[in-house]
Amino acid sequence: MTVFLQTLVAGVLIGGIYSLIGIGMSLIMGVMGIINLAHGQLMMVAMYITLVLFNFLHLDPYFSLLIAMPCLFLLGVFLQRFLLNPLMKIESILPENQVLMTVGIGMVLTEIARFIFSSDYKSVKTSYSSSAFFIGNISFNVPMCIAFFFALALTVLLFWFLLKTDTGRSIRATAQDKDAATLMGVNTGRITVITFGLGSSLVAAAGCLLLPIFYLFPDIGGPFTLKAFVITILGGLGSTVGAIVGGVVLGIAESLGATYIGMGYKEMVGFVIFVLVLIFLPGGLKRLTKV
Amino acid sequence: MKSRNVTLIVLGILFLLFPLIIRSDYYQHLVIIALMWVIIGSSWNLLAGYTGQVSFGHAIFFGVGAYTAGILTTKLHISAWWGMLFGGPVAMLIALFVGWACFRLRGPYFALATLAGSEIIRLVATNWESLTDGMVGILIIQSFRSKLPYYYMVLALAGACIYVIHLVMKSKWGYYFVSIREDQDAAESLGINTTLYKNISLLISAFFAGTAGAFYMNYMAFIDPHVVFSLHYISIMTILVGIVGGVATIMGPAVGAFIMVGVQETFRSAFFGLAPKWISQGHALVFGLLVIFVILFMANGVVGDWAKIKRYVFRIKA
């Protein structure tokens, strides 16, 4: 029973961070209708920024949030403005041009990181990296808990932004119906740019939060991109609430899989969920709630 | 029409004579690899270019074909050449499942499912050691020392593949495929069973990719999960071959395959030893940059944008 509870706690905690990654992708999916296959790679960039700040300025990874998030926002804005938006005007036979473009962006980011930092595994050792506290028999890893609450706070902040501000409303309007939003005077071109920046900075936050827990290498992006789209499919395309639930479900499922099936199959769990959702629940969790 | 036939015949003769004139093993090897990519690229083009179902994981079918040939040798102790017969059909079985799961849905599901599928199957091939020998890979003994038999075999296969796709696209099926790409609702309302025809397109595509995989096993004589199920070097390369050459053109992937193998080899060998060594580490970076460049400036590829390229080049000359 203790083992089960411990697994569950670990799953929920990592699930919080997965949610943060998933929300970013969901936002982009909702507004532009494309899956951003450079999502994990953007997180990798944020992690390297955090690492550099830690190594040279000895900045705490959590403090780097304030630097990495704006940096990635700008990177996201740049990518959307100069690489993805121009594609809308190009006549092409292939429907998935923008998705392909994100694959290319992801490859370039990974290889640039490899050029600068080499393929070595790096990690950040902080005083609290391996500390934990206990409630009953269950141990809570401190950086995981901090990360979870940061993720929670950012999510709340994001929802406030989406629900209460004008820009947030415009984003939701564009996601619902692009043409109608344009007719209502929303500058949808600018909204896509802001959304991509927002999605990138959310995944940057996830990167900063993960750095004290994970080790870092240039290819770390790929697996996280895959996790992010599993979450997006599981939650329902474009649904931010779905992405939160999907992230936690994926976290718990991976954690259970690692404990009861074996570490080698941990990565498989997400894909099994993906296939099951595709077959039995096309449309994802969004379908169950009708939200 | 006449002049096109003449061009084709001349090209055919050139390809037949090539290994007899150029005796270097290295260049013969490059052309064999390029011809193999012609098969994979053309098969992808049928599915993505003509039917509009972009596959991000053609490595699934390629790898399954290769593993079929390999496992026939290691487990059943028969020649890996049987794989040429069974590689395609086994890849089609996998394709049947993929198609059944994805083609009922619209949206990016197929692209994502193929991407996820190639990861799943790579993990399975890595972990199911009793069948695939996991990371150790499969090593067989090459049947021929000379490259000539392989050359003519892959040449015949590539020719057959292009010809079959040409025939399919001239038939009724071809028009169904294009109508699905252009407007699925309109196609449906005209009474075309879109799910069925998407599946047919996928099956033909998987067959050729699987056969190419089986050929790869026989030719290279060594495979492991990270080579044949690689996202970058198989799946992305396939897409690049397709879009560099030109999607939805018969000869596009053939042109693209030669360009891409040329680019890949140029960078892998650091401009044939002329440039500093570190360039060879950057060939994945070049791949990524090429994806971005091609999509931005040559969305329809060399063959599709030929008129545009010609105009541009002539203007520079004038």
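The values are calculated or read from the model by the stated rules, or taken from the named source; none is laboratory data. Because the structure is predicted, anything quoted here is derived from the model rather than measured. Ideal geometry is used to build each Cβ from the backbone, glycine not excepted, and the neighbour counts take in all protein chains shown.
Below are the figures for this structure:
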{"item": "Qualifying position, being in contact (Cβ under 8 Å) with a residue 24 or more places away in the chain, among the hydroxyl-bearing types (Ser, Thr, Tyr) and touching a helix residue (DSSP H, G or I) at 6+ places or on another chain (Cβ under 6 Å), among B:118, B:143", "result": "B:118"}
{"item": "Qualifying residue in the stretch B:226-233 (condition: among the aliphatic types (A, V, I, L, M), touching a residue at least 40 places away in the same chain (Cβ under 8 Å), buried (at least 19 other Cβ atoms within 10 Å of the Cβ) and closer than 30 Å to residue B:135 by Cβ)", "result": "yes"}
{"item": "Enumeration of residues in the stretch B:284-312 that are assigned to a helix (DSSP H, G or I) and of a type in the set (Gly, Ala, Ser)", "result": "B:284, B:288, B:301, B:304, B:307"}
{"item": "Residue A:242, sole failed condition from (1) modelled with pLDDT of 85 or more; (2) touching a Ser or Thr at 6+ places or on another chain (Cβ under 8 Å); (3) more than 20 Å from residue A:288 (Cα to Cα)", "result": "(3)"}
{"item": "Considering residues of the stretch B:103-130 that are farther than 30 Å from residue B:188 by Cβ and charged (D, E, K, R) only, the residue modelled with the lowest pLDDT", "result": "B:129"}
{"item": "Some residue of the stretch A:139-153 being under 17 Å from the mean Cα position of the chain (by Cα) and under 30 Å from residue B:105 (Cα atoms)", "result": "no"}
{"item": "Residue list for the stretch B:71-89, restricted to those being within 14 Å of residue B:153 (Cβ to Cβ) and among the aromatic types (Phe, Trp, Tyr)", "result": "B:81"}
{"item": "Any hit, the stretch A:58-66, residues being closer than 15 Å to residue A:198 by Cα and buried (at least 17 other Cβ atoms within 10 Å of the Cβ)", "result": "yes"}
{"item": "Residues satisfying the stated conditions in the stretch B:167-204, i.e. under 23 Å from residue B:62 (Cα atoms) and hydrophobic (A, V, I, L, M, F, W, C)", "result": "B:167, B:168, B:169, B:177, B:196, B:200, B:202, B:203, B:204"}
{"item": "Sole residue being assigned to a helix (DSSP H, G or I), buried (at least 24 other Cβ atoms within 10 Å of the Cβ) and at pLDDT below 90, chosen from B:57, B:65, B:49", "result": "B:49"}
{"item": "Residue match in the stretch A:68-82 (condition: farther than 15 Å from residue A:197 by Cβ, part of a helix (DSSP H, G or I) and either out of contact with any Phe, Trp or Tyr (no Cβ under 6 Å at 6 or more places or on another chain) or in contact (Cβ under 8 Å) with a residue 12 or more places away in the chain (or both))", "result": "no"}
{"item": "Checking residue A:98 against (1) in a helix (DSSP H, G or I); (2) in contact with a Phe, Trp or Tyr (Cβ under 6 Å, 6 or more places away or on another chain), the condition it does not meet", "result": "(2)"}
{"item": "Residue within the stretch B:68-77 that is in a helix (DSSP H, G or I), of a type outside the set (A, V, I, L, M), closer than 25 Å to residue B:232 by Cα and modelled with pLDDT of 85 or more present", "result": "yes"}
{"item": "Matching residues in the stretch B:249-276 - criterion: being at pLDDT 85 or above, out of contact with any Leu (no Cβ under 8 Å at 6 or more places or on another chain) and either closer than 20 Å to residue A:103 by Cβ or crowded, with 24+ Cβ neighbours inside 10 Å (or both)", "result": "B:252, B:253, B:254, B:259, B:264"}
{"item": "Residue list for the stretch B:180-213, restricted to those being surrounded by 24 or more Cβ atoms within 10 Å (Cβ to Cβ) and of a type in the set (Ser, Thr, Tyr)", "result": "B:201, B:205, B:211"}
{"item": "Single match in A:250, A:285, A:234, A:281 (criterion: surrounded by fewer than 19 Cβ atoms within 10 Å (Cβ to Cβ) and of a type in the set (A, V, I, L, M, F, W, C))", "result": "A:281"}
{"item": "From B:307, B:221, B:270, B:248, residue being at positive phi and without any contact (Cβ under 8 Å) to a residue 12 or more places away in the chain", "result": "B:270"}
{"item": "Condition broken by residue B:178, with the remaining ones in (1) more than 30 Å from residue B:9 (Cβ to Cβ); (2) within 14 Å of another protein chain (Cβ to nearest Cβ) satisfied", "result": "(1)"}
{"item": "Entirely in the stretch B:172-282, the helices (runs of 4 or more DSSP H) that have 3 or more residues that are of a type in the set (Phe, Trp, Tyr)", "result": "B:172-182, B:194-220"}
{"item": "Any hit, the stretch A:69-85, residues being surrounded by fewer than 16 Cβ atoms within 10 Å (Cβ to Cβ), under 30 Å from residue B:52 (Cα atoms), over 21 Å from the mean Cα position of the chain (by Cα) and not polar (S, T, N, Q)", "result": "yes"}
